[in-house]
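What follows is a single structure, written as structure tokens, with notes after it.
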4 protein chains.
Amino acid sequence: MNVEKVSRADELNSILDAVYRIGLRYRDGALADYIPELAKAEPEHFGIAVATAQGRIYAVGDIEVEFTIQSVSKAFAYCLAVEQIGREQVLRRVGVEPSGDAFNAIEFDPGTNRPYNPMVNAGAITVAGILHERFGADAFDFLMERFSRAAGRRLGFDEKVYRSEAQTGHRNRAIAHLLLAGGIIPAAVDAIVDLYFRQCSILVTAADLARMGATLASMGENPMTDEQVFDLQAVRDTQAVMLSCGMYDYSGNWIFDVGIPAKSGVGGGIVGVVNRQLGIGTYSPRLDRKGNSVRGVAAITLLSEELGLHAFDCTNVGSALLGSFLS
Amino acid sequence: MNVEKVSRADELNSILDAVYRIGLRYRDGALADYIPELAKAEPEHFGIAVATAQGRIYAVGDIEVEFTIQSVSKAFAYCLAVEQIGREQVLRRVGVEPSGDAFNAIEFDPGTNRPYNPMVNAGAITVAGILHERFGADAFDFLMERFSRAAGRRLGFDEKVYRSEAQTGHRNRAIAHLLLAGGIIPAAVDAIVDLYFRQCSILVTAADLARMGATLASMGENPMTDEQVFDLQAVRDTQAVMLSCGMYDYSGNWIFDVGIPAKSGVGGGIVGVVNRQLGIGTYSPRLDRKGNSVRGVAAITLLSEELGLHAFDCTNVGSALLGSFLS
Amino acid sequence: MNVEKVSRADELNSILDAVYRIGLRYRDGALADYIPELAKAEPEHFGIAVATAQGRIYAVGDIEVEFTIQSVSKAFAYCLAVEQIGREQVLRRVGVEPSGDAFNAIEFDPGTNRPYNPMVNAGAITVAGILHERFGADAFDFLMERFSRAAGRRLGFDEKVYRSEAQTGHRNRAIAHLLLAGGIIPAAVDAIVDLYFRQCSILVTAADLARMGATLASMGENPMTDEQVFDLQAVRDTQAVMLSCGMYDYSGNWIFDVGIPAKSGVGGGIVGVVNRQLGIGTYSPRLDRKGNSVRGVAAITLLSEELGLHAFDCTNVGSALLGSFLS
Amino acid sequence: MNVEKVSRADELNSILDAVYRIGLRYRDGALADYIPELAKAEPEHFGIAVATAQGRIYAVGDIEVEFTIQSVSKAFAYCLAVEQIGREQVLRRVGVEPSGDAFNAIEFDPGTNRPYNPMVNAGAITVAGILHERFGADAFDFLMERFSRAAGRRLGFDEKVYRSEAQTGHRNRAIAHLLLAGGIIPAAVDAIVDLYFRQCSILVTAADLARMGATLASMGENPMTDEQVFDLQAVRDTQAVMLSCGMYDYSGNWIFDVGIPAKSGVGGGIVGVVNRQLGIGTYSPRLDRKGNSVRGVAAITLLSEELGLHAFDCTNVGSALLGSFLS
């Protein structure tokens, strides 16, 4: 380890510390409560992890607390669907356009019956339909295995959350019947919705999300294990959709303010991807009204500014900005 | 001039030639006809120009044909509004969210009365309102002078197009009255709409647009004249809005397929910006149903693929792809 | 029977004949084809029946051809729901506002999650939910018995249509899951949707619909059998909803042009009600794009004009008008 | 005068007294405040007048307080437009469908560019365009003369309200420009909007509105003066549109609960029409959120119930109901 690397690591660690301390000040937002299990999360938990394309990880806070991946899974499941049946086949069933609607909207593209994009529930259930069509009863094992390889460890599963979602997910079941009516998914509605509920109940940590993000950032290769996990072309498509559609009905503001592909889940996690550079994982269970983690959004926004991650950043804004937040 | 540079220039020229030849095959679309002057354009005109951040220009086809800038002006006017009154003040009056509606939609953000973004007419009229508030009767001269410096030459003005727009622009006048009703623009409705019609009637060429794009790509400095034309922060904001809202109700697909900030106009022009690398200008007056130049969209899409310009491109796709188009 | 009555009967018969002959000229529209059974109807079938509050029936054409009642059942099922649990309880679950949307829309009243009215599928499934909650497995027998008493004969049932609808009704199943998600119907989604499919598969004739309409017109008492079939208050509410919401996304024009409560079904039937005066039943299976029987709409419109049935009619338009149609 | 008539008059007076006393209990709602003059009304003012087709008037409360007619004028102006250019010509420019939108909505029928109906501002401005096209600068005198004959006295005009509306009516001006853009009104936008503002500023009393309503109810003949004021056919059409579209985005509930044609204005007035029987005028300036007079709606609803005015009423509900309100 040479001196320069040490000093850059020190700098990154100090930035992470500062971002963490700023994030702690955010106390608004509320736990998801549509199922009892999610409401049991510890509201103060907060963790930030950054995994680089070189295989290093920098972290602060509660980065080993497990939570359900929820909608963050949509990005990775989409990546696998593109790998399995190809971009064109996937595009026939689900679009790439931000909808401007809530994540659980039941509006489809009028011309094609397609869900607007794979990041809203309708699109994610369509992706589950694609994977179920291909793998049948093995679809969940396939997902779990790939997610685990991206995280670099065997991920767990929250049986209680899964059962709760399965019992109360009437709206998602309605969406699936509409997709069947529109010829978008096959008739195995119950199995497809079940796969979707299972996929959302996979347990991850902020560190896992950082590593999964770094795997996308590194052209599909996990930079910690050097294992190829995702298809190259699928990774590119996934990042594009995460940028335009990842943060719900917020895409223009996200591109304006933050400018990096990301995906959030009501479990409190967010994954961010800076192509060829790094993956970011955050965890904090208090959500804003759009369902995004309040501290997570703040942390990724600050990191983008501080590290000059925005796609169109012209300057190294430097620590002056961060200082102004801390003052 | 060393050997490597020569070979790269040759390569870029041959790519441009190939893209041009592919583009010529597109014969669909129709001339804008809402005012007689636009319907007089020569449908077969087609030009592509690329200006690099190093100050070189590569071009093919009808790159010196003049046409009215129309909505391409919205991007540059927005840049100037941000420079003049600051990001926050501009954000109070016009958002940065793709609307999913047509360019001449009259829907505003329900909570704030703001137009969704500066790339739809309502947002561009709001920007005109900001500039008129600041410069009064001199607003148009200010715009013209800055546009000209970005293009590196004194731009012209199409009096006939201007008069035609002024006579028939009832819908834009309606939008302006709605903006006044919502407290978004000041009471000088007629002068503001007039400024907007004038700004749209500025004459440019594909080469102008390439240079104007290169000026945005080079942190606001015209790389041909080394003159600082636009504010640094404003350039960043402009690129972000161009990426998410520049190609009308098409933002997600644009980010997915092309992935570079761009803005089109019904005059037939498109400007593209690849941050820190290059500006692209195209001209071809036949428009698709969304009002984008058919050949221009094809050309920029091909250039993005061939030159690996997409923000999330993982590979150098190489000439194989282009070959497949040509075969 | 005195002379005057004879002459009025003659007059009504001759008007019916004229209306029938005009109706025969309408050859546009298409058979419903979303299930194979409906597409097997004889396109030229056409019948008109008028049953008076005095218990007489006047008829012309194919008035004894049986067809499935389909959405015409929604009006009578609503009447029974109001009778069973009262106006206020029903209003808590389904509104009385025309939706402006198609009959199978999945939009609900944003404030309350209620379907807009009982004449769209979502509202009719809600009504089925109310009746299923009250009668359980006996709900269909209850409906069938009351419908039969209103028609004055034991109605039949089309098993094939029922099975076809049950197999393909994914959209209605989706709607039911949404209603469950919104707390509007109880959890027995499958049984409720099944009841709705059954109710739609009851077999009626144009004469049956005329008698059922006359029963509503006669304050709930079947004027042929002198049997009280429907609750008085419920009859009033049903007529009001039929007037404002009965003819799909067409309510204002219906009130303007025809002005009498009516309900159509994709089986080709329409029922009309002229309070305290008469019921009208028509059958012709070719439908316009809104799903209303083309000849049925024409016949009821002509009858309204010719007999001065419109609520706001100021004159006896007389046979001049009809003559002008025939000339 | 025979005994029976005396007793019926006594009965009607006592019902009016009771309705008035119930109405007084409503203290919610707020004065219109978009122009200062409207906010100066006395909030407690409340008057109810009923004018019969036989030329008698029954009244209680502040029935001689003058207020601006505002949107109540839309019904009568529509009646005159139909008279002047005929039903079909008017239908080509403005529909008869409730819009479900607010009164000042800027949504038009997508297929035809027509405003949805003449009771929303866009439709009323279109009607003003029709009358201006026909009468030019004399259009307002024409309106004023006919309104006055319907009221049976020379009506006044509120210059201050007119000026205030003219100064602040940016949204209505925007609507007019959109109508011009859509080819619905001629180019004299300013004169047409001015006519509309003038028409809204005519001064009436509750008694005037009752007489104007009675004129509609009596086939266009003022039953007090025996003068024919409105065209027969136009009266029918006007009543139909008042029923389906008169009470803003509330048509289905109005038909369900009240069932008589009516039109309200933000000045606090409501006119109701019971065909061939009577006209109702109410005044109370406190408005609900839809812009309808709170006490006026209550009064007309109670009168409808108490007098059995609902089109589908099956019973004479009798004083029991009113008693229950009073208890």
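The values are calculated or read from the model by the stated rules, or taken from the named source; none is laboratory data. Just so it is clear, the model here is predicted, and its values are computed rather than measured. So basically every Cβ, Gly included, is an ideal-geometry build from the backbone, and we count neighbours across all protein chains shown.
Within the range D:273-298, if we keep just the residues that are within 13 Å of the chain's Cα centre (by Cα) and part of a loop (DSSP other than H, G, I, E, B), the residue that is surrounded by the most Cβ atoms within 10 Å (Cβ to Cβ) turns out to be D:ASN292.
Restricting attention to the range A:178-233, and to residues there that are in a loop (DSSP other than H, G, I, E, B) and among the small types (Gly, Ala, Ser), which single residue is surrounded by the fewest Cβ atoms within 10 Å (Cβ to Cβ)? Across the range A:178-233, the extreme among qualifying residues is A:ALA187. Considering only residues of the range C:198-223 that are farther than 13 Å from C:VAL50 by Cβ and aliphatic (A, V, I, L, M), which is nearest to the other protein chains (Cβ to nearest Cβ)? That would be C:MET219.
Screening C:VAL204 against (1) closer than 16 Å to C:TYR58 by Cβ; (2) within 12 Å of the chain's Cα centre (by Cα); (3) not polar (S, T, N, Q) leaves a single unmet condition, (1). Just so you know, in the range A:234-272 the residues that are closer than 21 Å to A:PHE67 by Cα, in a loop (DSSP other than H, G, I, E, B) and small (Gly, Ala, Ser) include one that is farthest from the other protein chains (Cβ to nearest Cβ), and it is A:GLY268. For the range B:53-94, filtered to residues that are aliphatic (A, V, I, L, M), surrounded by 17 or more Cβ atoms within 10 Å (Cβ to Cβ) and part of a helix (DSSP H, G or I), the residue that is farthest from the chain's Cα centre (by Cα) is B:VAL90. Checking B:VAL161, B:VAL120 one by one, the residue that is in contact with a strand residue (DSSP E or B) (Cβ under 8 Å, 6 or more places away or on another chain), among the aliphatic types (A, V, I, L, M), in contact (Cβ under 8 Å) with a residue 12 or more places away in the chain and under 26 Å from D:ALA187 (Cβ atoms) is B:VAL161 and no other. Suppose the filter is surrounded by 13 or more Cβ atoms within 10 Å (Cβ to Cβ), closer than 17 Å to A:GLY281 by Cα and either of a type in the set (A, V, I, L, M, F, W, C) or at pLDDT 95 or above (or both); does A:GLY47 pass it? Against the criterion (surrounded by 13 or more Cβ atoms within 10 Å (Cβ to Cβ), closer than 17 Å to A:GLY281 by Cα and either of a type in the set (A, V, I, L, M, F, W, C) or at pLDDT 95 or above (or both)), A:GLY47 qualifies. Restricting attention to the range A:173-182, the residues being over 12 Å from C:ILE175 (Cα atoms) and at the interface with chain C (Cβ under 8 Å from one of its Cβ atoms) number 1.
Quick check on the range A:183-196. Is at least one of its residues within 17 Å of A:VAL72 (Cα to Cα), among the hydrophobic types (A, V, I, L, M, F, W, C) and within 14 Å of chain C (Cβ to nearest Cβ)? Within the range A:183-196, one or more residues are within 17 Å of A:VAL72 (Cα to Cα), among the hydrophobic types (A, V, I, L, M, F, W, C) and within 14 Å of chain C (Cβ to nearest Cβ). In the range D:18-31 there is no residue that is under 29 Å from D:ILE125 (Cα atoms) and free of Cβ contacts under 8 Å to residues at least 12 places away in the same chain.
Those residues that are at pLDDT 95 or above and β-branched (Val, Ile, Thr), I need them from the range D:233-265; list them, please. Those that are at pLDDT 95 or above and β-branched (Val, Ile, Thr): D:VAL235, D:THR238, D:VAL241. Restricting the range C:143-172 to residues that are within 14 Å of chain A (Cβ to nearest Cβ) and either surrounded by 22 or more Cβ atoms within 10 Å (Cβ to Cβ) or of a type outside the set (D, E, K, R) (or both), the residue that is farthest from C:THR68 (Cα to Cα) is C:HIS170. Of all residues in the range C:182-196, count the ones that are among the hydrophobic types (A, V, I, L, M, F, W, C) and under 18 Å from C:GLU145 (Cβ atoms). Final tally of qualifying residues: 1. In the range C:78-125, the qualifying residues are those that are more than 17 Å from C:PHE142 (Cβ to Cβ) and among the hydroxyl-bearing types (Ser, Thr, Tyr), and the one that is modelled with the lowest pLDDT is C:SER99.
Scanning the range D:95-126 for residues that are outside any loop (DSSP other than H, G, I, E, B) and of a type in the set (Lys, Arg) turns up nothing. Taken over the range B:145-168, the criterion of being farther than 14 Å from B:LEU203 by Cβ and assigned to a loop (DSSP other than H, G, I, E, B) is satisfied by B:GLY152 alone.
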